[in-house]
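Below is one structure, written out as structure tokens; the observations come after it.
The values are calculated or read from the model by the stated rules, or taken from the named source; none is laboratory data. Just so you know, these numbers come straight off a predicted model, no measurement behind them. Here Cβ is always computed from backbone atoms with ideal geometry, including for glycine, and neighbour counts include all displayed protein chains. Heavy atoms of the whole protein, side chains included, go into the accessibility calculation; ligands, DNA and RNA do not. Shrake-Rupley method; radii C 1.70, N 1.55, O 1.52, S 1.80 Å.
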Amino acid sequence: MSNRVLARGRRWGSIGTPRMPSGKLRAFLSAALLLSVAAGYSGYQRFLSAKPDTTAVQTTPATVGSLVSTVTATGNVVFTKQSNLGFSASSTASGKITEIDVKVGDSVKAGQQLAKLDTQGLQAQLDQADSNLQTAQINLQEVKDGATPEARAAAQAAYASALANYKEVAAGVTGASLQSDQVAVESAQANLASAQAKLDAVKNPYTQADWAAARAAVDSAASGLKSVQIKLDQLKSNGGYTTADLASQQAAVDQAKQAMMSAEDKYQTAQHDLAASGASSVSAAGQSYNAAKASYEAEVQKLQQMMSGPLPVDLQAAQTAVDQAQASYSSALAKLDQMKAGPLPTDLALAQSSVDQAQANLASAQTKLDEDNAGPKAADVAAAKSSLAQAKANLTTVTGPPLASNVALAEQTVKQAQANYDQAKLNLANAVLTAPYDGVITAVNANVGEQIGASPLFTLVDTSQVRIDGTVDEIDVPKLAVGQAATVTFDALPGTTLNGKVIAISPSGTATQGVVSYPVSVSVDTAGKTLLAGMSATISIVTDRKDNVLLVPARAIHTRGTTKTVQVKSGNKTETRTVHTGSFNGTMIEITSGLQAGEQVVIPTTTTKLSSTAGGPGIGVPGIGGPPPPPVK
């Protein structure tokens with residue numbers, strides 16, 4: 001029809017029909033062109049509809065159910081209850097391990113002993129703390145009981161003494177005390193005179209008689225030295241002993257002979273009268289005779305040796321006599337020289353010190369006499385009064401009930417001692433390391449006999465309490481919230497699905513190659529399954545759920561602009577129906593109006609004809625000409 005219109009126009013132009021103005025002509029031609037294109041497109045669509053359709057029609061009913069939206073993440077198993085165990089610092093008095101009762105992989109119960117330390121030092125501390133506590137308790141009881149009768153009597157006596165002293169001081173010095181002071185002054189004067197006399201004697205110590213005696217001692221020592229020197233010289237000379245020496249030794253021989261003969265007579269008499277004297281007397285007499293005979297022979301031998309020359313022992317004795325005489329002479333001479341030199345400085349200093357001390361004692365005695373004559377001093381009276389007041393206060397304290405402050409102080413001491421005892425007891429108890437809860441030992445870091453350090457001895461985990469730590473893309477994080485339900489599957493446990501819930505979402509993300517992800521933690525109900533740390537897991541978190549809603553597959557929705565339609569099949573007829581949609585979980589979509597439960601909707605499948613959207617944009621049918629529609633709220 002468009003072509004005919006155009007042809008008619010040309011004919012009109014050729015027979016002289018008035019022409020249209022050029023602007024109107026262009027507008028007319030443009031409209032005609034558009035009509036032609038529209039007519040051609042309509043004919044083309046009818047042509048396509050007229051061709052045999054090889055599309056396999058697939059339908060599915062609209063159903064009422066639950067629309068569940070999820071976010072999927074991957075992660076790993078982490079034990080939520082894990083402890084590094086060691087001894088407390090207060091229990092490490094020795095730090096030496098005496099027992100280790102578990103090994104890696106052992107299952108333990110709460111309270112089970114794991115290790116033990118040497119407790120000798122801790123026990124000693126507990127014993128000392130116990131002793132201190134008992135002492136504090138006894139002291140508290142003594143404070144509450146008050147003073148003993150002995151303490152009361154002592155306080156009474158002290159008060160009486162202080163009172164008497166105060167009265168005496170306040171009354172002043174009596175005549176007897178003044179007389180005593182006078183005697184002390186006179187005694188000090190006598191001591192000073194004596195000390196002065198001794199000082200004078202030290203300065204002039206020697207009389208004429210002393211000088212004469214010293215010189216005589218030098219002369220006597222010189223004479224004695226000369227005498228023994230002559231005797232030594234005689235022994236050393238060729239002449240040997242003098243006639244007097246030999247005569248003296250001969251007399252010793254004769255005396256020894258007479259003694260031997262007398263002993264022999266007694267021995268013979270004892271033998272003759274054996275029956276009367278007895279065997280013991282004979283034996284004793286025989287021993288005496290033998291001793292006398294040996295002495296005689298020794299004296300004879302000595303005489304013979306002297307006649308042959310001086311004996312070594314006599315030479316030694318003579319030399320010793322000379323040495324002693326020389327020492328005596330040197331000593332006498334030194335004493336005379338000392339007398340000539342005058343008194344020693346130390347003697348003078350000692351004598352002068354005695355004089356000074358005597359003068360000081362005299363001055364002190366004289367001062368006391370003068371003070372006593374002047375009457376009592378105000379300071380002495382005040383001091384005596386203060387002592388009396390203190391004695392009275394002490395007597396009041398001792399004889400009266402215990403002071404509340406003293407009781408409180410003693411009670412505080414008991415509390416402190418009790419605290420120290422409790423701490424020492426706790427320290428001893430802490431020398432045994434026990435499991436705080438049921439679990440499995442995963443690490444043992446010590447051996448018996450070692451000194452413990454800062455590192456933990458054991459690692460204990462509760463395998464019944466685990467979580468999954470994973471990461472979620474930044475696009476999905478806004479959909480998550482703590483408490484959302486989740487299901488977890490494991491690569492190492494095919495067919496096992498456990499329930500859980502979101503327990504933590506980190507506010508800090510991590511960028512990896514431009515992709516930001518956020519850590520997420522999910523608790524897991526193990527349901528008796530044994531999970532190992534580090535196991536790979538897949539987490540499916542429910543972000544939204546609508547129950548009792550009308551659902552169809554998202555591929556059944558056709559979108560043109562803002563209008564959404566579905567193809568509803570009833571018998572052999574197919575009807576296009578406009579619908580309104582709600583939530584969308586990526587597979588199924590909620591129908592809020594335009595469709596009833598049970599109605600069959602067409603699901604597009606692969607087709608052998610050209611797509612109906614090939615000629616124009618905006619169709620957006622899932623699976624045919626565009627991507628699945630986004631969720632529409």
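Quick notes on this structure:
- Applying a threshold of 6 Å to beta carbon distances and a minimum spacing of six or more residues, or different chains, the list of pairs starting in segment 280-299 at a residue that is more than 13 Å from Lys266 (Cβ to Cβ) and ending at one that is open to solvent by 50 Å² or more (accessible area, probe 1.4 Å) and of a type outside the set (Gly, Ala, Ser) reads Tyr296/Lys257.
- When residues of segment 545-601 are limited to those that are charged (D, E, K, R) and without any contact (Cβ under 8 Å) to a residue 60 or more places away in the chain, the one nearest to Val57 (Cα to Cα): Lys573
Here is a yes/no grid of residues against (1) open to solvent by 40 Å² or more (accessible area, probe 1.4 Å); (2) within 60 Å of the chain's Cα centre (by Cα):
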site	(1), (2)
Lys335	yes, no
Leu348	yes, no
Val355	no, no
Ala365	no, no
Asp370	yes, no
Gly375	no, no
Ala389	yes, yes
Thr399	yes, yes
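- Criterion applied to Asp462, Asp438 was being open to solvent by less than 50 Å² (accessible area, probe 1.4 Å), of a type in the set (Asp, Glu) and touching a residue at least 60 places away in the same chain (Cβ under 8 Å), and the one residue passing it is Asp462.
- Some residue of segment 218-235 being touching a helix residue (DSSP H, G or I) at 6+ places or on another chain (Cβ under 7 Å), touching a residue at least 40 places away in the same chain (Cβ under 8 Å) and within 23 Å of Leu344 (Cα to Cα): yes
- Test: residue in segment 132-146 that is modelled with pLDDT of 85 or more, surrounded by 17 or more Cβ atoms within 10 Å (Cβ to Cβ), in contact with a helix residue (DSSP H, G or I) (Cβ under 7 Å, 6 or more places away or on another chain) and more than 26 Å from Pro402 (Cα to Cα): no
- Only one entry of Lys81, Lys109 meets the criterion of being surrounded by 15 or more Cβ atoms within 10 Å (Cβ to Cβ), over 30 Å from Ala384 (Cα atoms), basic (Lys, Arg) and in contact (Cβ under 8 Å) with a residue 60 or more places away in the chain, and that entry is Lys81.
- Some residue of segment 416-437 being closer than 30 Å to Thr538 by Cα and in contact with a strand residue (DSSP E or B) (Cβ under 8 Å, 6 or more places away or on another chain): yes
- Meets criteria (exposed (fewer than 13 other Cβ atoms within 10 Å of the Cβ) and at pLDDT 85 or above) for Ala209: no
- All of Ser66, Ser49, Ser91 fail the test of being open to solvent by less than 90 Å² (accessible area, probe 1.4 Å) and modelled with pLDDT under 80, apart from Ser91.
- Total residues in segment 124-141, condition farther than 30 Å from Ala431 by Cα and touching a residue at least 12 places away in the same chain (Cβ under 8 Å): 2
- Among (1) in contact (Cβ under 8 Å) with a residue 24 or more places away in the chain; (2) in a strand (DSSP E or B); (3) more than 30 Å from Gly582 (Cβ to Cβ) - the single one Leu532 does not satisfy: (2)
- Here is the figure for segment 270-280: residues that are surrounded by 15 or more Cβ atoms within 10 Å (Cβ to Cβ) and modelled with pLDDT of 80 or more total 1.
- Failed criterion for Ser330 (all others in (1) closer than 30 Å to Gly172 by Cβ; (2) open to solvent by less than 60 Å² (accessible area, probe 1.4 Å) hold): (1)
- For segment 282-320, a tally of residues being surrounded by 17 or more Cβ atoms within 10 Å (Cβ to Cβ), charged (D, E, K, R) and more than 30 Å from Gly224 (Cβ to Cβ) returns 1.
- When segment 525-550 is filtered for residues that are open to solvent by less than 30 Å² (accessible area, probe 1.4 Å), within 22 Å of Ala485 (Cα to Cα) and either among the basic types (Lys, Arg) or over 51 Å from the mean Cα position of the chain (by Cα) (or both), only Val549 remains.
- Failed criterion for Thr526 (all others in (1) part of a strand (DSSP E or B); (2) in contact (Cβ under 8 Å) with a residue 12 or more places away in the chain hold): (1)
- When Val466 is tested against (1) touching a Leu at 6+ places or on another chain (Cβ under 6 Å); (2) over 14 Å from Thr80 (Cα atoms); (3) not aromatic (Phe, Trp, Tyr), only condition (2) is not met.
- Test: residue in segment 160-175 that is open to solvent by 60 Å² or more (accessible area, probe 1.4 Å), assigned to a helix (DSSP H, G or I), at pLDDT 85 or above and farther than 30 Å from Ala363 by Cβ: yes
- Test for Val568: is it in contact with an Asp or Glu (Cβ under 6 Å, 6 or more places away or on another chain), open to solvent by less than 40 Å² (accessible area, probe 1.4 Å), modelled with pLDDT of 55 or more and assigned to a strand (DSSP E or B): yes
- Selected residue (only one of Ala443, Ala481, Ala431 is open to solvent by less than 30 Å² (accessible area, probe 1.4 Å) and either closer than 22 Å to Gly105 by Cα or at pLDDT 90 or above (or both)): Ala443
- Criterion: surrounded by 12 or more Cβ atoms within 10 Å (Cβ to Cβ) and closer than 27 Å to Val108 by Cβ - qualifying residue of Glu474, Glu450: Glu450
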